[in-house]
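Q: I'd like to ask some things about the structure below.
FYI, it's all coordinate maths here, none of it is from the lab. Since the structure is predicted, the reported quantities are computational estimates derived from the model, not experimental observations. Heads up, the Cβs are rebuilt from the backbone with ideal geometry, glycines too, and the neighbour counts pull from every protein chain shown.
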Amino acid sequence: MSWEKEIEELRNREALAEQMGGEEKVARQHARGKLDARQRLTKLLDENSFREIGKIAGRGSYDENGDLTGFSASNFIFGRGMIDVQPVVASADDFTVRGGAADAAVHRKFVQAEQMAHELRLPLIRMIDGTGGGGSVKMLEDMGFTYVPYVPGWEHVIKNLETVPVVSLALGPTAGLGAARVVASHYSVMVRGLSQLFSAGPAVAAFLGEELTKEELGGSQIHARNGVVDEEAESEEEAFALCKQFLSYLPSSRFSRAARKQIADPVSRREESLIDTVPKDPRQAYNMRRVLNSVFDRGSVFEMGRRWGRASITAFARLDGWPVAVLANDPTYLGGSWTAKTSEKVERFVKLAELFNLPVVNLVDNPGFMIGLEAERDGLIRYGVQAMNAVYKASVPWATVITRKAYGIAGSAMSDHTRFQYRFAWPSGDWGSLPLDGGIEVAYKSELEKAEDPASALETIRTRLNKVRSPFRSAEHYSIEDIIDPRETRPLLCEFATHAQRMLEGR
């Protein structure tokens, strides 16, 4: 006896699931300039690699004979797929089915997606559009009662943050639980003008007297600049590309190591422009991103969180094909001084590198913590110390290149001084407990007051101190391990990357 009839019913139910919220609602989704959930999965994943799980889960309608007459699909799609031939768990909210609200959700699917990523040790990608399984007022009326809130499966969200790379792409208005799922990730992206993120939307904010549009309340121009999300994409396609780039630098889980890639860029390359990159005038800025592009494998630098905490550059890159995490000060923004947001950004990035066994390369031009009333109001010292603690707790291989300034507590957070210092300084190195400039007049006040020509005396003192602050004096006393020609930076860091892989064995 054949099971063909049952297989026919299965195919019929699968076809109904593929209709999502129905032709009209899918067309409405497209009219908003948005892809539907199934299109998103197709564009994100390698061709024909998606294996959906729980496809026919939803709500069926039946006649008096118990025969299926209609079907409403779940508003959450997930399964296994491949990105650049590497397996991942991918999920997509279907906004065409009740706007992603909980009364159209099969909560067990949310939980299973998180469990699958954790237990199979696979990267997880969430494409979030709507409340992401959160509640709705209509649902409460249908239920006839309210309930003490809880989030089914959140314990698995936490486990994933401690185990596998998690990427969240906000691809529409995301509120409540949807917003929480976006930020509970290692890398998050919003699409300009398409996605908004908030604890509660404009209708709720209106009760507080704030009449705002979705974009005004929670657009990417807000959250890509306050650190809630890491990146702002111009389109869904760009968001998918950013996701793939991010994952390309990471292992599938914290229990493995990131893969090396063959890159046609000689280890021995010496970039001539580096010899005059740092200006002789310490008050002049220079382009640290050009330094990164000169030192690391060509085309390999992938920056994360460019629009917030801007005094620090956080990026991934490759050295002789090996992936590394990169920290660097940006002297074009506040001179590279750490603010509260910069410190928060550094702390988060160092913890990410530690979790996924990525060696760290830190290019230092840090004049210290930002000073002033705003810095004090922001609680800078607390965030700065937390960033410093993250650096000292890190056990991954660590290399430091001092390109110019390293002052005060923030400057000392360049590395854990109790470990072997894999460290180099350029001849432009300038360090100390505090900058000499601006403090000379105070320290030598009495001497200057007695001088016949105070201006000339000040210049004499400055010349004398400039000789004392020479990095060669520090090297003489082994306060700095090595001073190098800036053009030697790439070969030395490639050597470090090779050693780092030996150090990572067994982690």
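Q: Report the net charge of residues surrounding Cys494, where surrounding means a beta-carbon distance below 15 angstrom and charges are Lys +1, Arg +1, Asp -1, Glu -1.
A: Once positives and negatives cancel, what remains is +3.
Q: Okay, next question. Return the loop-located chymotrypsin sites (Phe, Trp or Tyr not before Pro) in the range 1-104 (DSSP other than H, G, I, E, B) with at most 11 other Cβ atoms within 10 Å of their own Cβ; answer none if there are none.
A: Here the chymotrypsin sites (Phe, Trp or Tyr not before Pro) that fit, given the DSSP loop and packing criteria, are Trp3.
Q: What 222 nm value per residue comes from the helices of the chain, counting each DSSP H run with n ≥ 4 as -39,500 (n - 2.57) and dividing by all residues, nearest 500 deg cm²/dmol? Mind showing how you got there, number by number?
A: Working: 21 runs with 192 residues, N = 507.
My calculation for the chain gives -11000 deg cm²/dmol from helical runs alone.
Q: Another question, if that's okay. Spin-label point model (7 Å from Cα, Cβ direction): what's the Arg283 to Ala15 distance in nm?
A: Going by the 7 Å Cα→Cβ label model, 7.7 nm.
Q: Name the long-range amide H neighbours of Phe76: under 5 Å, sequence gap of 5 or more, or other chain; modelled H, no Pro or chain starts.
A: The list, which skips near neighbours in sequence, is Asp94, Val106.
Q: Let me ask another. Does the range 353-442 come out rounded, prolate or oblate, given a ≥ b ≥ c as the square roots of the eigenvalues of its C-alpha gyration tensor, rounded meaning a/c under 1.5 and, failing that, prolate meaning a/b above b/c?
A: Taking the square roots of the gyration eigenvalues as a ≥ b ≥ c, the range 353-442 is oblate.
Q: Are there any GluC sites (Glu not before Pro) in the range 227-314 that are in a DSSP loop and have at most 14 other Cβ atoms within 10 Å? List them by number. Walk me through the numbers before you get to the answer.
A: Details: sites: Glu231, Glu232, Glu234, Glu236, Glu237, Glu238, Glu271, Glu272, Glu303; in loops: Glu234, Glu271.
Here the GluC sites (Glu not before Pro) that fit, given the DSSP loop and packing criteria, are Glu234.
Q: Now for a separate question. Arg502 to Asn48: extension gain in nm, 0.36 nm per residue of separation minus the Cα-Cα distance?
A: Contour length minus the Cα-Cα distance gives 159.7 nm.
Q: In addition: Quick one: go through the range 75-95 and flag any residue whose amide nitrogen is under 18 Å from the point 7 Å out along the Cα-to-Cβ line of Met143.
A: Answer for this model: 75.
Q: Just for the chain, what percent of DSSP beta bridges are antiparallel, to the closest 5?
A: Approximately 40 percent, going by the DSSP bridge assignments.
Q: Counting alpha carbon pairs within less than 8 Å and at least 6 residues apart, what relative contact order, in whole percent, applies to the range 4-248?
A: Once normalised by length, the contact order is 14 percent.
Q: Here's something else I'd like to know. What net charge is computed for the residues neighbouring Phe255, neighbours being all others with C-beta under 11 Å from the C-beta of Phe255, Lys and Arg scored +1, Asp and Glu -1?
A: Its environment carries a net charge of +4.
Q: Name the shape class, rounded, prolate or oblate, that the alpha-carbon gyration tensor gives for the range 4-248, where a ≥ b ≥ c are the square roots of its eigenvalues, rounded holds for a/c under 1.5, and otherwise prolate holds if a/b is larger than b/c and oblate otherwise.
A: Oblate, since a/c reaches 1.5 and b/c is not below a/b.
Q: Next question. Using r as the Cβ-Cβ distance of Arg32 and Lys393, and R0 as 60 Å, what FRET efficiency do you calculate, to the nearest 0.05? Present the calculation step by step, with values, prior to reporting the outcome.
A: Values: r = 45 Å, r/R0 = 0.75.
Calculated transfer efficiency: 0.85.
Q: Relative contact order of the range 1-75, please, whole-number percent, based on alpha carbon pairs below 8 angstrom and at least 6 residues apart.
A: Relative contact order, the range 1-75: 33 percent.
Q: Quick one: angle between helix 489-504 and the longest Cα principal axis of the chain, in degrees between 0 and 90, rounded to 10, please.
A: 50
Q: Here's something else I'd like to know. Starting from the Cα of Asp453, step 7 Å along the direction of its Cβ; do the same at Glu162; then give the gap between the two resulting points in nm.
A: In this crude spin-label approximation the distance works out to 6.9 nm.
Q: Between the range 197-230 and the range 451-507, what's the alpha-carbon centroid distance in Å?
A: Centre-to-centre (Cα) distance: 46 Å.
Q: Let me ask you something else. Can you tell me the length gained on complete extension of the stretch Glu155 to Arg121, counting 0.36 nm per residue apart and subtracting the Cα distance? Display every interim value, and only then the final one.
A: Numbers: separation 34, 0.36 × 34 = 12.24 nm, distance 1.58 nm.
Gain in length upon complete extension: 10.7 nm.
Q: Which length gain, in nm to one decimal place, applies between Val85 and Arg377 when the Cα-Cα distance is subtracted from 0.36 nm times their residue separation?
A: Stretched fully, the Val85-Arg377 segment lengthens by 100.3 nm.
Q: Which loop GluC sites (Glu not before Pro) in the range 370-468, with loop taken from DSSP, have no more than 13 other Cβ atoms within 10 angstrom of their Cβ?
A: Sites meeting the loop and neighbour criteria: Glu452.
Q: Relative to the first principal axis of the alpha-carbon coordinates of the chain, what is the inclination of helix 380-393, with its axis defined by its Cα atoms, in degrees from 0 to 90 and to the nearest 10?
A: Approximately 90 degrees, to the nearest 10.
Q: With both bridge residues required to lie in the range 272-504, what share of the DSSP beta bridges run antiparallel, to the nearest 5%?
A: If we restrict to bridges inside the range 272-504, about 35 percent are antiparallel.
Q: Under the Karplus relation 6.51 cos²θ - 1.76 cosθ + 1.60, θ = phi - 60°, what is the ordered set of whole-Hz ³J(HN,Hα) values for the range 77-89, x standing for Gly and Pro?
A: 10, 8, x, 9, x, 10, 10, 6, 6, 10, x, 9, 9
Q: For an R0 of 25 angstrom, estimate the FRET efficiency from the Cβ-Cβ distance between Glu64 and Glu8 and round to the nearest 0.05.
A: The pair Glu64/Glu8 has a calculated efficiency of 0.70.
Q: In percent, how large is the relative contact order of the chain, given Cα pairs closer than 8 Å and 6 or more residues apart?
A: With pairs under 8 Å counted, the relative contact order is 9 percent.
Q: Please work out the FRET efficiency for the pair Glu237 and Ser479, using the Cβ-Cβ distance as r and a Förster radius of 41 Å; give the result to the nearest 0.05.
A: For R0 = 41 Å, the calculated efficiency reads 0.20.
Q: A further question follows. Excluding residues on the same chain fewer than 8 positions from Lys467, give the lysines whose Cα lies under 27 Å from its Cα.
A: Filter leaves Lys280, Lys405, Lys445, Lys450.
Q: Select one label from (1) 21.7, 74; (2) 27.4, 114; (3) 33.0, 110: the one whose number is Rg and Dmax of the Cα atoms in Å as derived from the coordinates shown.
A: So the structure-derived entry is (2).
Q: Modelling each spin label as a point 7 Å along the Cα-to-Cβ direction, I'd like the Arg298/Gln245 distance in nm, to one decimal.
A: Distance between label points: 1.8 nm.
Q: Return the long-range amide H neighbours of Met127 (sequence gap of 5 or more, or a different chain), with a cut-off of under 5 Å between placed amide H atoms.
A: When sequence neighbours closer than 5 places are left aside, the close amide H contacts are Ser91, Ala92, Asp93, Leu169.
Q: Where does each of His118, His107 land when they are ranked from fewest to most other beta-carbon atoms within 10 angstrom?
A: His107, His118
Q: Still on this structure, I have one more. Run the reach check for Lys261 against lysines, Cα to Cα strictly under 27 Å, same-chain hits fewer than 8 apart removed. What comes back?
A: Lys261 reaches Lys43, Lys244, Lys351.
Q: Output wanted: per-residue J couplings in Hz (rounded whole) for the range 188-198, from phi through Karplus 6.51 cos²θ - 1.76 cosθ + 1.60, θ = phi - 60°, x for Gly and Pro.
A: Taking θ as phi minus 60°, the curve returns 9, 9, 10, 9, 4, x, 9, 10, 9, 9, 7 Hz for the range 188-198.
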